[in-house]
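What follows is a short report on a single structure.
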Amino acid sequence: MTCSPLEAEQAVECLKQMNLLIPAPLHPSGYQAVRPSSALSRLMSMERELTEGWMQERAHRQEQILSLLRDFPLNTGPRSDATIDVLPNGPAVNDFIEEHTLEARLQEQAMHPGGIPPVELVDEMIHRDIAALKRGVRLEAIYAHHLVGVPHLHEYLTEVTHHGADVRVAPAVPLRMIIIDDDLAILPMDPRDTTRGAFAIRSRQVIGVLQAVFRFHWACAAPLETVSEQYEVSQLLSPSEKMVIHMMAMGAKDEAIARQLGISTRTLSRKISQMLDRLSVQTRFQAAVKLARAGVLNPAGSPVRGLAS
């Protein structure tokens, strides 16, 4: 079978993107073929390094924010219009947010690292945010990657995006933060436990710093639509099927996988064939690559928590 030069170039480019071809100047073709298992291992190693970098950056930014809060005295400041109010618990924080987001004039910026709000609160968020968007308020939000897989949150994000909100997703978000216009920011007292209350900060100087932090993470985050495939692919497989893909990606033999699942190798082969059909791929390696690219397999190779179905 022959192909045109353009088709050959496209095939080479595809193989390079999958790390199945690497540059080799001394080779006649200029490339060297890589075993699929080695290519997948390298991809997963690269993802692990990226995630570790994210976590280090997250810790650094979180320490900067907490240091700022420690050094900024409560209810005083260099200017008479700079204040920090204490919201002592979760209900007080929610009431404060509800009241002041209704007063937003220009924009709202928010970061959500985790913690799944109840369905009732999300329903209120939908109506509140759509009303703000209709008033012309610009909404920008960054959500932690795993939250996209929560059904009622996914529905909320899809709905507000449809009405004009700009939502992005990041592997790691340092803390919960809401900035309203240029003169109010709400930050948790303890980023690890938002039920302990929050600070309501009114200071243009401080908010300017927090907006810079937000913009940094915004630039590194991915648009919501680019991770929609992750949610859709995740729904195609059960947790046990994702584990089968994981074990195959790690190089386990069919006999070992079947023994781990307590089924025969013939039953395993049938299950794998059904999985490949649902994923619209032809080989096991293609399935692992598709799941890894969609984020259903994390850098360590195990299914992403919160996306199992």
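The values are calculated or read from the model by the stated rules, or taken from the named source; none is laboratory data. Given the structure is predicted, the values throughout are model-derived calculations rather than measurements. When we count neighbours, we look across all protein chains shown, and the Cβ atoms used for this are built from the backbone with ideal geometry, even at glycine. These area figures cover heavy atoms from the full protein model, side chains too; ligands, DNA and RNA do not enter into them. Shrake-Rupley method; radii C 1.70, N 1.55, O 1.52, S 1.80 Å.
Here the chain is treated with +1 on each Lys and Arg Cβ and -1 on each Asp and Glu Cβ, and its dipole about the Cα centre works out to around 1240 debye. Count Lys and Arg as plus one, Asp and Glu as minus one, and take only other residues whose Cβ is under 9 Å from that of ARG138; the net charge is then -3.
Count the net charge of all other residues whose Cβ sits under 15 Å from the Cβ of ARG266, scoring Lys and Arg as +1 and Asp and Glu as -1. Surrounding charge for ARG266 is +2.
Summing charges over all other residues whose Cβ lies under 11 Å from the Cβ of ILE180, with Lys and Arg as +1 and Asp and Glu as -1, gives -4. For the chain, the per residue solvent-accessible surface stands at 55 Å², with DNA, RNA and ligands left out and a 1.4 Å probe.
For the chain, averaging the sequence separation of C-alpha pairs within contact (under 8 Å, six or more residues apart) and dividing by the residue count gives a relative contact order of 18 percent. In this structure the amide hydrogen of ASN89, modeled in the peptide plane, comes within under 5 Å of the amide hydrogens of ALA198, none closer than 5 places in sequence on its chain. Global size of the stretch 82-241: 15.7, 55 Å for Rg and Dmax (C-alpha atoms, Rg to one decimal, Dmax whole).
Would you mind telling me which residue in LEU121, LEU106, LEU40 has the biggest mean-square fluctuation in a Gaussian network model of the chain, where springs connect alpha carbons within a distance under 10 angstrom? Comparing LEU121, LEU106, LEU40 in a Gaussian network model of the chain, the most mobile one is LEU121. Full extension of the chain between ASP95 and VAL12 gives 24.2 nm of extra length, using 0.36 nm per residue less the Cα-Cα distance. When a 1.4 Å probe is rolled over the protein heavy atoms, the share of accessible surface on the stretch 129-190 that falls to carbon and sulfur comes to 51 percent. Checking (i) 1.31; (ii) 1.22; (iii) 0.98 against Cα Rg over 2.2 N^0.38 Å calculated from these atoms, the matching label is (ii). Note on the chain: with a GNM built from Cα contacts shorter than 10 Å, the maximum mean-square fluctuation among LYS253, LYS242, LYS290 falls on LYS253. Partners of LYS253 within straight-line reach, counting lysines whose Cα lies under 23 Å from its Cα and excluding those fewer than 8 residues away in the same chain: LYS242, LYS271, LYS290.
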